[in-house]
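Chemist: What follows is a structure written as structure tokens; I'll ask about it next.
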Amino acid sequence: MTHKRPVRHPGTVVAVLACLSLAACSAGSTSVGKSTGNGLTIGLTAEPATFDFTRTDGAAIPQALLDNVYETLVKLDQSGKIRPDLATSWSLSKDRRTYTFHLVQNATFSNGARFTAEDAKFSIERVNSAWTVAQKAQMSVVDGVRAVSPTELEVTLKKPSNDWLYRMTTRVGAMFSRTGVRELATEPVGTGPYVVRNWNRGDSITLARRKGYWGRTPHFASVTLKYFKDPTAMNNALLTGTINVIGQMQSPESLYRFQNNSKYKVIEGTTNGEVVLSLNNGSGPMKNPRARRAVRYAIDHKALVDTCWAGHGKPIGSMVPPTDPWYQNLTDLYPYDRDKARRLLEESGESGRTLRLRIPALPYATACGTVVKSQLEQAGFTVKLDQLEFPAAWLTTVFKNSDYDLSIISHVEPRDMQTVFGDKSYYTHYDNPEFRALLRKADQGSQEQQIASMRAAARLLSKDAAADWLFLLPNLMVADADITGLPVNSVSESLDLTGLGRS
């Protein structure tokens, strides 16, 4: 099996809603307004805490840096297919355990060092030796890495893995310089077309186009990522010309302000962002399967989406978005049935206990939190709603300490069902050996077996009521009418700036 690199083409911009990022630190300061000349300003929601995604969980860091500052051997195109990037081609051995990558010859890092197979070897091995975030487990299947020559890399897996090459398109596949990892939190060094020029903590990050980039030069000489906590302020920033693009619309009810206006374009597609009503399967009332099932029957998903997200968003019933090959509509497993929810709650013996619904102070969570509370109370639950400052308070209370019964969070990382539910120590604390066995079978089998096993795993997860999936976040983007290269769907965790332009 061999894959070769086509002519290098512009990337696509994909904006994801960051869900697990910490409070930001500064790598410099500058004041920013609307980009002028050959610059662009994009409005986003969740700011990174640090530039080091090897030690800090969350989607905000790869959103800003992946494909822009850091590159990977392979990457996803808009359709979700794996394409060459720093590798010009690759092949897979007959036993499906050894990948051989042929690398570009002229790539350099922003510190001036040449990119070679030794850097690729270093980067892959470093995931297991130095990374501390949950994603490091995605590299544990690697048995050995060998730099055959400066432009040829050989990676041997412990067993066949359908998932491994896909993960190489994500943050764990980022290529680092052997001489550029000492200050990752503040000074990222990559092979990408941009470098970090300024970070104005609490406000914005500015990326500057890098001289001597090995690939196709991006259109914009600088791109400023400007962060807003208030969605109304972000909307007003576009209306007043302070920004050029709303990377992820946080107030869908306000779309009317931009629709049918020739100054703007509105794009609506799909994302990887499952808005999850997380349930603590490890302790408290939600450890009880009947109580979890009662929660699922109590949620009227159509009314919820209509109320808190202006009807934009797709009910899915599982942890799989429609852009994945094993997607299936599982919303029929728990159709809205308030009476059944009441009966299950009584049978569970948990009806007298108060559920702690602890949500982050993010627009979708606060908008939907009151709706979820109301619907659960109508089914007989007692619910206490706590809004936690995001990211620090939510991460500490819910994600790290599991001090919650229910929460609402958008998990935007691609193909993250295994991450969120495959490890019982993760904050959801779902523990089902049958589920984990299906994931292993999917990873090691043929393509047909992978799809069948992943569908079975998703169905089991949903039937177990391990969580409730409120809806799939739409890819809602609004931009100045002359901005080109905006995608319909968001299929990656990066905000790829390289394909954006101006007509």
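Chemist: If S410 passes every condition in (1) in a loop (DSSP other than H, G, I, E, B); (2) open to solvent by less than 20 Å² (accessible area, probe 1.4 Å); (3) at pLDDT below 95 but one, which one does it miss?
Modeler: (1)
Chemist: Can you name the residue in region 394-407 that is part of a loop (DSSP other than H, G, I, E, B) and under 30 Å from Q328 (Cβ atoms) and is also most open to solvent (accessible area, probe 1.4 Å) among such residues?
Modeler: Of everything passing the filter in region 394-407, S402 is most open to solvent (accessible area, probe 1.4 Å).
Chemist: Let me confirm something: among T50, T100, T54, which residue is modelled with pLDDT of 90 or more, of a type in the set (V, I, T), surrounded by fewer than 24 Cβ atoms within 10 Å (Cβ to Cβ) and in a strand (DSSP E or B)?
Modeler: Numbers: T50 fails: in a strand (DSSP E or B); T54 fails: in a strand (DSSP E or B).
On inspection, the qualifying residue turns out to be T100.
Chemist: Then there is this: How do the pairs read when you match residues in region 241-259 that are small (G, A, S) with residues anywhere that are crowded, with 19+ Cβ neighbours inside 10 Å and part of a loop (DSSP other than H, G, I, E, B), using Cβ under 9 Å and keeping only pairs 6 or more apart or on different chains?
Modeler: That search, which allows pairs on different chains as well, returns G247/V13; G247/A15; G247/V16; G247/L17; G247/T45; G247/L495.
Chemist: Restricting attention to region 441-455, does a residue exist that is in contact (Cβ under 8 Å) with a residue 24 or more places away in the chain, closer than 25 Å to L277 by Cα, touching a Leu at 6+ places or on another chain (Cβ under 8 Å) and not in a loop (DSSP other than H, G, I, E, B)?
Modeler: For region 441-455, residues in contact (Cβ under 8 Å) with a residue 24 or more places away in the chain, closer than 25 Å to L277 by Cα, touching a Leu at 6+ places or on another chain (Cβ under 8 Å) and not in a loop (DSSP other than H, G, I, E, B): present.
Chemist: Among the residues of region 286-300, is any touching a Gly at 6+ places or on another chain (Cβ under 7 Å) and of a type outside the set (G, A, S)?
Modeler: Within region 286-300, not a single residue is touching a Gly at 6+ places or on another chain (Cβ under 7 Å) and of a type outside the set (G, A, S).
Chemist: Determine whether region 424-431 contains at least one residue that is without any contact (Cβ under 8 Å) to a residue 40 or more places away in the chain and either among the aliphatic types (A, V, I, L, M) or open to solvent by 30 Å² or more (accessible area, probe 1.4 Å) (or both).
Modeler: yes
Chemist: Any idea how many residues of region 140-162 are under 19 Å from L438 (Cα atoms) and buried (at least 17 other Cβ atoms within 10 Å of the Cβ)?
Modeler: Of the residues in region 140-162, 3 are under 19 Å from L438 (Cα atoms) and buried (at least 17 other Cβ atoms within 10 Å of the Cβ).
Chemist: Do we have K136 as open to solvent by 10 Å² or more (accessible area, probe 1.4 Å), part of a helix (DSSP H, G or I) and over 25 Å from W326 (Cα atoms) here?
Modeler: Criteria not met by K136.
Chemist: Shifting gears a bit: Taking region 343-393 on its own, how many of its residues are hydroxyl-bearing (S, T, Y) and either buried (at least 23 other Cβ atoms within 10 Å of the Cβ) or without any contact (Cβ under 8 Å) to a residue 12 or more places away in the chain (or both)?
Modeler: Qualifying residue count for the region: 2.
The values are calculated or read from the model by the stated rules, or taken from the named source; none is laboratory data. What you see is a predicted model; the values in this text were computed from it and never measured. Reconstructed Cβ throughout: ideal geometry from the backbone, glycine too, with neighbour counts over all protein chains shown. Please note that ligands, DNA and RNA were not included when accessible areas were found on the heavy atoms of the full protein model with its side chains. Shrake-Rupley method; radii C 1.70, N 1.55, O 1.52, S 1.80 Å.
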